[in-house]
Structures are given as C-alpha cells and as structure tokens.
Amino acid sequence: MNTALKPVLLLLLASVSASALADDAKPVTEQLVDTLTQLAGGPHPKFRANHAKGIVAEGVFTPAASAAEITKASIFTSSNPVTVRYSDATGVPNIPDADGNAFPKGIAIRFNLPDQSLADLVCISVNGFPSATPEDFLGLLNAVAASGKETTKPSTIEKYLGSHPAALKFVTTPKLPPESFATQAFFGVNAFKFTNAKGETHYGRYRIEPVTGQKFLSPEAAKAADANYLMNELPARLKSGAYSYKISVQIAEADDTLNDATVSWPDSRRVVELGTLQIKAIKADGASYERQVMFSPLNLVDGIEPSDDPILLARPSAYAVSFGRRLQ
Ligand code: HEM
C-alpha cells in the first residue's frame, strides 16, 4: 500500500466506524425515526416522521352498556368529546391518498375528559403488524432503504421477506384505498389489559368499525383518484351530517399471544362493544392542532394497562423523538 494513503484510509475507517458506532449507540426507537425519515425523503420540517399527511375532526364517544363488563375506564363508561386525526402512512407530507405506500391509514382518537385529563387510541387500517419487535421492524425498514440503491437480485428486501413471513404477509396484504375515512375499519393491533369495577381482567385488542360497513374504491377509481381525495371528501361528507363507528374490543382466550402484534387472533374470539364514536365536524384549527399534539397509545386512564408487547412499549419513545424534531 502507498504509505502516504495509509493515514487517510485509517482516518476514513475511523470516521466510518465512529459514525456506525454513534448509530448503534442510538436507542432503536431513534434509529427507527431516522430510517422512517430517510425513507420519506426527509426531514420534512414540522411534519410527523410517519403518518405525516392527515386531517383532524371532532365528535363524541357514547358508551355501550356492555363496556362496563370489560373496563371501569372513564373513557368507556362516560360520554366525552373526542378529537380524531386521520392519516396516510409514511412521512411523506403530500403522498397521494390512493398510493399503495399510503397504506395503512391511521386513526388517532383523543378522549377529552372533564378533569382536563386525556386518553388516546392510535390504530391502523389493518389487523396486524409486520414485526414483533422494534429491532425486527428496524431490520425491515433498513432492508427497504438498502434496496432502493441495489441492482443485484435477490435484493436485500427480497432476502429479508424470504426469512420473515410476518413481514411478507403484511407487505402483500391488499392495499385497498377506502372510499372515505368514514368507510374504513381500524384495528388496535397491540393488546391491552382491561380491568372492570369488580377487579376482573381481560386482555383485548381494539376494533373501530364504520356502522354503515366498509367501502373501498374499485381499482379503476383508485387509479383515477385525486391525490387528496380522502382529505377533500371528509369536509364535504360532514356538511351533510355526522357518521359513526362502533368501538369494540376483541377478547383474548387463555392461549392467545398477547405480546406479538404479527399474530392476529381467530375471528371466533368474543368481541365486546365499548360504544359509539360519532364524528360531527372538521376541527376548525386542525392544522395548528395537529402540529402541537402527540398522540400516544400509552396515554391511558385507570382500567386500561399496556400488555408487554415490545412494539407497543416502543411506540411512545419513537413518537416522542418525532414530536421533538417536528417542534423545532
Ligand atoms: C415500533 C413500531 C412503530 C414505530 C417505530 C412507529 C413510528 C411512528 C412515528 C414516528 C409516528 C409519528 C409520531 C408523531 O410525530 O406524533 C407515528 C404515528 C402513528 N403511528 Fe406509529 N409506529 C409504530 C407502530 C405503530 C402501530 C403498531 C400502530 C397502530 C396499531 C401505529 C399507528 C400510528 C398512527 C395512527 C400514527 C399517527 C398518529 C397521529 O395522527 O398523530 N404505529 N408512528
């Protein structure tokens, strides 16, 4: 080796390993936000690192009598005003609503309680997740990021999907664009522990289903859809009246997996209605509201606790990294 080059090479290697070390030394949740940002062509200042494009509405939740059987939580045993943010997936702020990458859609529901406390439900439009742990999810996102630049086959993502069946199932799930956010069902995916007034406990997963049923665009309509068709449809719909969903919880049986969001439970599991979510209007100051708030699946009230699902437990710190950055 040309000895004159050696110090330069050593310096380069040192800086490469120092930056690799710095990345590894970051918490996995921060690395997840970094990769989500990279995949979205960001950073996009002021926008969420995931579910960047959204619209905010407001309404009311009214409990069903059956809710008390499952939980004493005030959000499901009393009627309260709610703020709801719908979103497209990815950190791309102007992603076309019918784009396959805008799947899954998101819903974040904030229950605004009389004592100024709050609780959130943060759900997606598919009943499952590609990865069981944050480390695995980072592996998937990094494989997607690596594959953009590759010319050899199989690509990193093809290899990754070949050895991760849950991720393969997720990415090959049909990405049907809904007619409207009002015709889309949403799922909690992660399990929570619910306690009722008698101290009885159940594990369950949320379901949010439109009372008039799900409706999707035909493939032709999806191709022709305006880039903002969902964001434009909602205000138009609400001018002619409110719409509603049933919120319920699918109850786990003794052997069901509680800590793995890639495993959905059989449809035969009991589903208990918690109540009705009625959406009444677009929130007037929605654009500034969405910038100022962070929804979190661990904003909970007494009667609901997290399961030990590592994806669920990682979400608040990933969201906080994104929130901290978009506030700057
Ligand atoms: C480790 C796994 C996950 C990571 C790293 C992740 C990451 C993120 C990030 C960074 C944000 C933006 C937060 C903000 O700036 O306020 C976000 C938002 C969101 N995530 Fe996740 N997420 C994960 C899992 C999930 C799961 C399992 C669900 C649903 C079951 C979900 C649903 C949503 C929704 C609906 C939003 C938008 C919330 C809003 O409107 O503010 N995420 N996610």
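Of the candidates Ala225, Ala254, the single residue that is of a type in the set (A, V, I, L, M) and free of Cβ contacts under 8 Å to residues at least 60 places away in the same chain is Ala254. For region 124-158, residues that are of a type in the set (A, V, I, L, M, F, W, C), in contact (Cβ under 8 Å) with a residue 24 or more places away in the chain and under 20 Å from Thr172 (Cβ atoms) total 9. On the stretch given as region 146-172, residues that are within 14 Å of the ligand (Cβ to nearest atom) and either among the hydroxyl-bearing types (Ser, Thr, Tyr) or more than 16 Å from the chain's Cα centre (by Cα) (or both) total 1. For region 205-214, the condition holds for no residue, the condition being that it is at pLDDT 95 or above, assigned to a helix (DSSP H, G or I) and crowded, with 17+ Cβ neighbours inside 10 Å. Cβ-Cβ distances below 9 Å connect the following pairs, each with a first residue in region 178-197 that is within 12 Å of the ligand (Cβ to nearest atom), a second residue that is among the acidic types (Asp, Glu) and assigned to a strand (DSSP E or B), and a separation of six or more residues or different chains: Phe186/Glu209; Phe192/Glu305. Only one of the numbered conditions (1) within 26 Å of Ala318 (Cα to Cα); (2) without any contact (Cβ under 8 Å) to a residue 60 or more places away in the chain is violated by Pro114, and that is (1). Residue pairs whose Cβ atoms lie under 8 Å apart, sitting 6 or more positions apart in sequence or on different chains, and linking a residue in region 270-297 that is farther than 27 Å from Phe323 by Cα to a partner that is of a type in the set (Ser, Thr, Tyr) and within 15 Å of the ligand (Cβ to nearest atom), are Thr276/Tyr245. Scanning region 98-126 for residues that are touching a Lys or Arg at 6+ places or on another chain (Cβ under 9 Å) and either aromatic (Phe, Trp, Tyr) or surrounded by fewer than 17 Cβ atoms within 10 Å (Cβ to Cβ) (or both) yields a count of 3.
On the given criteria, is Val126 closer than 25 Å to Glu179 by Cα and either under 13 Å from the mean Cα position of the chain (by Cα) or near the ligand (Cβ under 9 Å from one of its atoms) (or both)? So Val126 passes the test.
Tally up the residues in region 38-52 that are more than 6 Å from the ligand (Cβ to nearest atom) and either free of Cβ contacts under 8 Å to residues at least 60 places away in the same chain or among the charged types (D, E, K, R) (or both), please. Residues that pass the stated criteria total 6. Residues in region 272-300 that are charged (D, E, K, R) and near the ligand (Cβ under 10 Å from one of its atoms): Glu290, Arg291. Apart from one condition, Gly303 fits all of (1) within 10 Å of the ligand (Cβ to nearest atom); (2) crowded, with 19+ Cβ neighbours inside 10 Å; the exception is (1). Evaluated against (1) within 16 Å of the chain's Cα centre (by Cα); (2) in a helix (DSSP H, G or I); (3) more than 8 Å from the ligand (Cβ to nearest atom), Ile109 falls short on exactly one condition, (2). All of (1) crowded, with 22+ Cβ neighbours inside 10 Å; (2) more than 10 Å from the ligand (Cβ to nearest atom); (3) under 19 Å from Glu290 (Cα atoms) hold for Ile70 with one exception: (3). Could you check, for region 235-254, whether at least one of its residues is crowded, with 18+ Cβ neighbours inside 10 Å and acidic (Asp, Glu)? No: zero hits. Is it true that Ala65 is touching a residue at least 12 places away in the same chain (Cβ under 8 Å) and either away from the ligand (no atom under 15 Å from the Cβ) or of a type outside the set (Lys, Arg) (or both)? So Ala65 does not fit the description; no.
The values are calculated or read from the model by the stated rules, or taken from the named source; none is laboratory data. For clarity, every value in this text was computed on a predicted model and none was experimentally measured. Cβ atoms come from the backbone with ideal geometry, glycine included; neighbour counts cover every protein chain shown.
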